[in-house]
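Taken together, the values in this text are just the output of simple stated rules run on the coordinates, not laboratory data. Fair warning: this is a prediction, and the values are worked out from it, not measured in the lab. All Cβ positions, even for glycine, are placed from backbone atoms using ideal geometry, and neighbour counts span all protein chains on display.
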Amino acid sequence: MTHRQLISLLIAASIFAVAAACMLGSTPLAVPRVLAALAGQASAGDMMVVWEIRLPRALTAFVVGAALGTSGAALQGLLRNPLAEPGVLGVTATAALAATFTLYYGLASTWVYALPLSSILGALIATALLAAAAIRIKSVVTLILLGVGLSSFSAAAMSLLLNFAPNPFSLSDMINWLLGSVANRSFDDLKLSAPLVALGLALLFATRRGLSALTLGEEAASGVGLNLRRQRLAVVTGAGIATGAAVALAGAIGFVGIVAPHIVRPFVNHDPARSLVPSALLGGLMLVIADIGVRLLPTNAELKLGVVAALIGAPAFVWIAFRRRAVND
Amino acid sequence: MTELCARNISVHANTKALVEHASLSLRGGELVALLGANGAGKTTLLRAILGLIGLSAGVASLAGIDIRKLSSMERARQVSYLPQRRPLAWPNTVRDVVALGRFAHGAALGRLGKLDAQAVDAAIESCDLSSLADRQTDTLSGGELARVHVARAIAAAAPFLLADEPVAALDPRHQLGIIKLVREYVNDGGGALLVLHDVALAARFADRLIWMTGGRIVADGSPEETCTVQQMREVYGVRAKIRSDADGFDIRIIGAV
């Protein structure tokens, strides 16, 4: 399968999955009814189900998955390790912590941008810290341990906030961020955060040639003409913005950024640059499908998307870690 | 004619001098070997010439221009660099790794322009890698991998090549193969500076030998002039017997000083 065929296949599958997300649910809608609703010619009820509930929710899942998948692929290219990922490195947790802060102090309701901007800031702090550390510590294992520490610290700080939650409502709000969910997202939420995700992804795509060059290691990469400092800065900023905006939309969802690039890599000759677009599409596709699953599972309380992603992703992480060739440590 | 030139370069790590007052020049059509014991400062000198590390004194220049004033891309189009440690993070195909040598020319993997593709094909051909071009690098032997790295460096088609121990850990046949590749590059007009540990190999193929010890350049001249018993003692701390004939130098290490 060529690069182009892979991308076409993933685009087709993504469209199909989003369409399926519009059809499936507590009130199943057949294809003609979904099409009519999309064309704006269905009953008020159908219109509401598709435009207010299912479509924005599916698109949110897709945007979040795309942001996390691309950030994962780019961070893996930068750090030259298949285990690097916003979740594992503590970036999503730090972003979620920052988001929780604004919820805790009620800032989110006074200014709409408070939530996305604070979670982006949280993500940027984490990525900057990791990139600064990556220059000093050569061992990627140490770097991942640093991420684990960052993650644990953010989780602890978040527990502290939960502990002192002023009322049950803000408690449940904060738990939503902690667990990760795309339930009840509207087009307004998307309009707010999607451009930020797009900005982050654009920055990451701009670094793609440098990611290929880094395959040779940092010294040879600067030898072939890569400006290392600029490359690091761009990847860190891009991944920070994209991940932060994704967390603002859906809370902390882990492991998408590790699983999607891992599946894609063999199809793109293991080139980090060519893995970016397919990782975005596959990340989005995976979350749309996982979210359909979450909605269809006959449980009393709806499962959180982040929980399902972790239930699938964590074993995959362990598996990839186990099979990794010890080359660049 | 362009010249890669180091004038009075010093490099310090904290207070320790890694390289002191080193000067050398490299022109097209010249193969120069940089010799010295482990820790003599050879790698540091290469990095300093490329502007990859900070200098505490001196200047490295390319055609009269301070190399640190050039952007990474401009420098890379003029000087190709093969570092000592050559990790490959991903199991890319041979062709993709070689194509990374065209980075400074704007090449993107999988979508090479005509010129880039030609340079990559030529490098693959000259390094005898045609049959391996679509193989993943993690399936290659050490000798094949060394040729891939040399091909990557040659694909840049830069006027200068700095290579840090390009033949380390290779068997004699592969060492010869790599040196002959570099020799061809030099015969085509390139200027190459190689860090080598095999003095006999260096003396046979290089036009000039530069000897380093304790961060200083102690000799710079033709193999006939500089490859002496005394030099071996001073630079490597060994007693040696040296004979030369039409096939090159026969250097026998008898023992440590």
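Structural remarks
- Sites B:Arg68 and B:Ser141, calculated FRET efficiency, Cβ-Cβ separation with R0 30 Å, nearest 0.05: 0.20
- Ordering B:Val150, B:Ala89, A:Gly45 by the projection of their Cα atoms onto the charge dipole of the protein assembly as shown, which places +1 on the Cβ of Lys and Arg and -1 on the Cβ of Asp and Glu, puts A:Gly45 at the extreme positive end.
- Pairwise FRET efficiency - A:Val112 versus A:Ile175, Cβ, R0 = 25 Å, nearest 0.05: 0.70
- Within the same chain, aspartates and glutamates fewer than 8 places from B:Lys241 are excluded, and of the rest, those with a Cα less than 17 Å from its Cα are B:Asp198, B:Glu224, B:Glu225, B:Asp250.
- Relative exposure of B:Lys42, A:Lys304, judged by other C-beta atoms within 10 Å (fewest first): A:Lys304, B:Lys42
- Radius ratio Rg over Rh of the protein assembly as shown, counting only Cα atoms, Kirkwood formula for Rh: 1.09
- Under the Debye formula (equal points on every Cα, no solvent term), log10 I(q)/I(0) of region A:144-206 at q = 0.15, 0.22, 0.27 Å⁻¹: -0.75, -0.99, -1.00
- Distance from the C-alpha centroid of region A:151-214 to that of region B:40-63: 45 Å, rounded to the whole angstrom.
- Reachable lysines, given that their alpha-carbon falls under 23 Å from the alpha-carbon of B:Lys16 and they are not under 8 places away in the same chain: A:Lys138, B:Lys42
- Region B:64-133: relative contact order in percent, alpha carbon pairs under 8 Å with at least 6 residues between: 29 percent
- Modelled FRET efficiency - R0 25 Å, B:Leu115 with B:Ala168, Cβ distances, 0.05 increments: 0.20
- Paramagnetic reach from A:Ala206 (point 7 Å along Cα→Cβ, amide N under 15 Å) across region A:68-105: none
- Percentage relative contact order, region B:65-195, counting C-alpha pairs under 8 Å, at least six apart: 32 percent
- The sum of -39500 (n - 2.57) across all DSSP H runs of n ≥ 4, divided by the residue count of the protein assembly as shown, sets its helix-only mean residue ellipticity at 222 nm to -18000 deg cm²/dmol.
- Derived scalar couplings ³J(HN,Hα) [region A:116-123; Karplus, 6.51 cos²θ - 1.76 cosθ + 1.60; whole Hz; x for Gly, Pro]: x, 5, 5, 6, 5, 4, x, 5
- Distance between the C-alpha centres of region A:11-65 and region A:251-327: 23 Å, rounded to the whole angstrom.
- Once C-alpha pairs closer than 8 Å and six or more residues apart are averaged by separation and normalised to the residue number of chain B, the relative contact order reads 24 percent.
- Charging the Cβ of each Asp and Glu at -1 and of each Lys and Arg at +1, and nothing else, the dipole of region A:145-227 about its Cα centre rounds to 180 debye.
- Each label was represented as a point 7 Å from its Cα along the Cα-to-Cβ direction; for B:Ser222 and B:Ala17 these points are 3.1 nm apart.
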